[in-house]
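A.B. asks: Have a look at this one before I ask anything.
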């Protein structure tokens, strides 16, 4: 499990106007909460936080240094401006190393090149999986081998080995990936021309 260190400060004022002022000075507002922790409203240097997210993603433990206190947290929610992509707000959940937590991780398909062809394509229907595990066991992603996938036999959650450290919270019947036949592509210009002529003839018959 990857781990990052980020320094944060307690926000002095709350509300939308205060949040705007925080963003105007190059910080992003956020909160950190936990089962035995009073919710803290914080602000973090936007460039530092953005760099951490782009380097590690959201499946990373973040050690938040707030004054003299350090909190091990997990990123729970990231809000970005839909137009600019700039960070708007971020939520952290404090975690304990000996307590299992719920989170989601992306699914990474391996072995696609062994089954995909000009007539068969992979359709990934599930792109992330819900898991329960100890914080240090959270993977960056889970790998699903599709090299033996065949048409008409989709791979379900129940068919995948995720490892002993992870408890999968998805329903076992959920389809992860399937192999389907690609639509026929007209490659020959002669075939395209013949098809066009048939369409024209059809219009003539209607008239």
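The values are calculated or read from the model by the stated rules, or taken from the named source; none is laboratory data. Remember, predicted model here, so these are calculated numbers, not experimental data. All Cβ positions, even for glycine, are placed from backbone atoms using ideal geometry, and neighbour counts span all protein chains on display.
A.B. asks: Quick one: which residue in 17, 36 is within 27 Å of residue 167 (Cβ to Cβ) and surrounded by fewer than 19 Cβ atoms within 10 Å (Cβ to Cβ)?
C.D. replies: On the way: 17 fails: within 27 Å of residue 167 (Cβ to Cβ).
When all the criteria are applied, what remains is 36.
A.B. asks: Let me ask something else. Could you count how many residues in the stretch 47-72 are in a strand (DSSP E or B) and in contact with a helix residue (DSSP H, G or I) (Cβ under 9 Å, 6 or more places away or on another chain)? Please lay out each step first, then the result.
C.D. replies: Residues of the stretch 47-72 in a strand (DSSP E or B): 61-66, 69-72.
So of that shortlist, the ones also in contact with a helix residue (DSSP H, G or I) (Cβ under 9 Å, 6 or more places away or on another chain) come out as 61-62, 72.
Adding up the residues that qualify gives 3.
A.B. asks: If you go through the stretch 169-180, how many residues are modelled with pLDDT under 90 and out of contact with any strand residue (DSSP E or B) (no Cβ under 6 Å at 6 or more places or on another chain)?
C.D. replies: 0
A.B. asks: Among the residues of the stretch 57-67, are any surrounded by 15 or more Cβ atoms within 10 Å (Cβ to Cβ) and more than 23 Å from residue 128 (Cβ to Cβ)?
C.D. replies: Within the stretch 57-67, one or more residues are surrounded by 15 or more Cβ atoms within 10 Å (Cβ to Cβ) and more than 23 Å from residue 128 (Cβ to Cβ).
A.B. asks: Kindly indicate which of 48, 43 is outside the structural domain of residue 136 (by TED's automatic domain parsing) and farther than 21 Å from residue 95 by Cα. Walk me through how you get there before you give the answer.
C.D. replies: Values: 43 fails: farther than 21 Å from residue 95 by Cα.
Checking each option against the conditions leaves just 48.
A.B. asks: Now, a different point. Considering only the stretch 83-100, state which residues are touching a strand residue (DSSP E or B) at 6+ places or on another chain (Cβ under 7 Å) and either over 30 Å from residue 50 (Cβ atoms) or in a strand (DSSP E or B) (or both).
C.D. replies: Matches in the stretch 83-100: 87, 88, 89, 90, 91, 92, 93, 94.
A.B. asks: Test residue 126 against the criterion of being touching a residue at least 40 places away in the same chain (Cβ under 8 Å) and either exposed (fewer than 13 other Cβ atoms within 10 Å of the Cβ) or under 16 Å from the mean Cα position of the chain (by Cα) (or both), and give yes or no. Outline the logic, then answer.
C.D. replies: Numbers: touching a residue at least 40 places away in the same chain (Cβ under 8 Å): yes; either exposed (fewer than 13 other Cβ atoms within 10 Å of the Cβ) or under 16 Å from the mean Cα position of the chain (by Cα) (or both): yes.
So residue 126 passes the test.
A.B. asks: Can you find, within the stretch 106-121, the residue that is farthest from residue 35 (Cα to Cα) among those that are surrounded by 12 or more Cβ atoms within 10 Å (Cβ to Cβ) and modelled with pLDDT under 90?
C.D. replies: Within the stretch 106-121, the first condition is being surrounded by 12 or more Cβ atoms within 10 Å (Cβ to Cβ), and the residues that meet it are 106-109, 111-112, 114-116, 119-121.
Okay, now just the ones that are also modelled with pLDDT under 90, so 112, 114-116, 119-121.
On the way: 112: 42, 114: 47, 115: 46, 116: 47, 119: 52, 120: 49, 121: 45 Å.
Of everything passing the filter in the stretch 106-121, 119 is farthest from residue 35 (Cα to Cα).
A.B. asks: A further question follows. Would you check which residues across the stretch 131-157 are in a loop (DSSP other than H, G, I, E, B) and surrounded by 13 or more Cβ atoms within 10 Å (Cβ to Cβ) and list them? Step through it out loud before you land on a result.
C.D. replies: To start, the set of residues in the stretch 131-157 that are in a loop (DSSP other than H, G, I, E, B) comprises 134, 138-141, 146-149, 151-152, 154.
Across the stretch 131-157, the qualifying residues are 134, 138, 139, 140, 141, 146, 149, 154.
A.B. asks: Out of all the residues in the stretch 104-124, which are in a strand (DSSP E or B) and over 18 Å from residue 161 (Cα atoms)?
C.D. replies: Just the residues of the stretch 104-124 that are in a strand (DSSP E or B), to begin with: 104-110, 120-124.
Within the stretch 104-124, 120, 121, 122, 123 meet the criteria.
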